[in-house]
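Values in this text are rule-based calculations from the coordinates and carry no lab data. Computed from a prediction, not measured in an experiment: that's the story for all the values here. Positions of Cβ are backbone-derived with ideal geometry, glycine not excepted, and every protein chain shown enters the neighbour counts.
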Amino acid sequence: MTESEFLKQAEATLDQIEATLEELANTSDLDVECTRSGNVLEIEFIDNGTKIIVNSQAPMQELWVAAKSGGFHFKAQGEQWMNTRDATELFAALSQMVSQQGGVEVVLRDVN
C-alpha cells in the first residue's frame, strides 16, 4: 500500500469512528465527546473523564489505539484493520473498549 493509499484509508476510518460515536452520543446513553486534530482522534468519556486516543502512524502504516485496557496497533488487511498481536478487528475491539470505559454497551461497525 502506498503512503497516500494508507492516509486515505486511515482518514476515512477516523472519520467513520468519529461520526458513529457522535451519533451514539445523540441517540443513546453514551456520553462522549470527540475531538479531532489532524491524524489524532480523542474520545473523552464525560462521566468519568477517561479517554481513548486513536491515531494514524503513517511510517508504520498502522492505526494506534490507547485506552484504559492498554495500547494496540492495527494494520490494514484489505478493507479491515486487524490487531497486530491477536488479529482482533478494529471496530470489534473499539466496541469493547468504548463499552467498558463508557459504561454503555455499544457496537461499532465498519461500513466499508
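At what distance in nm do the modelled label points of S69 and N26 sit from each other, each positioned 7 Å from its Cα along Cα→Cβ?
My value for the distance between the label points is 2.7 nm.
What number, rounded to the nearest 500 deg cm²/dmol, is the helix-based mean residue ellipticity at 222 nm of the chain, given -39500 (n - 2.57) per DSSP H run of at least four residues and division by all its residues?
-11500 deg cm²/dmol
How large are Rg and Dmax for the range 1-48 when only the alpha carbon atoms are used, in Å?
12.8, 40
Taking the Cβ of A58 as the centre, find all other residues whose Cβ is under 12 Å away and add up their charges (Lys, Arg: +1; Asp, Glu: -1).
Summing Lys and Arg as +1 and Asp and Glu as -1 gives -3.
Go ahead and collect, in residue order, the members of the range 70-86 whose backbone nitrogen is under 15 Å from a label point 7 Å along the Cα-Cβ direction of I53.
Residues passing the 15 Å test: 70-73.
Largest first, please: the extent of the C-alpha atoms of the range 31-112 along each principal axis, to the nearest Å.
35, 25, 24
Give, in nm to one decimal, the length gained when the segment between V104 and D86 is fully stretched (0.36 nm per residue of separation minus the Cα-Cα distance).
Separation in residues times 0.36 nm, less the Cα-Cα distance, equals 4.0 nm.
Could you pull out every residue, at least 5 positions away or on a different chain, whose amide H is within less than 5 Å of the one on E89? Hs are placed 1.01 Å off N in the peptide plane, and Pro or chain starts have none.
N83
So if a site counts as exposed when it's one of the GluC sites (Glu not before Pro), its DSSP state isn't H, G, I, E or B, and it has at most 15 other Cβ atoms within 10 Å, what's the longest stretch of the chain without one?
By the stated rule (loop sites, at most 15 other Cβ atoms within 10 Å), 1-78.
Can you give me the relative contact order of the chain as a percent, contacts being Cα pairs under 8 Å and 6 or more apart? Numbers along the way, then the final one.
Working: 167 pairs, mean separation 19.1, N = 112.
Computed over the chain, the figure is 17 percent.
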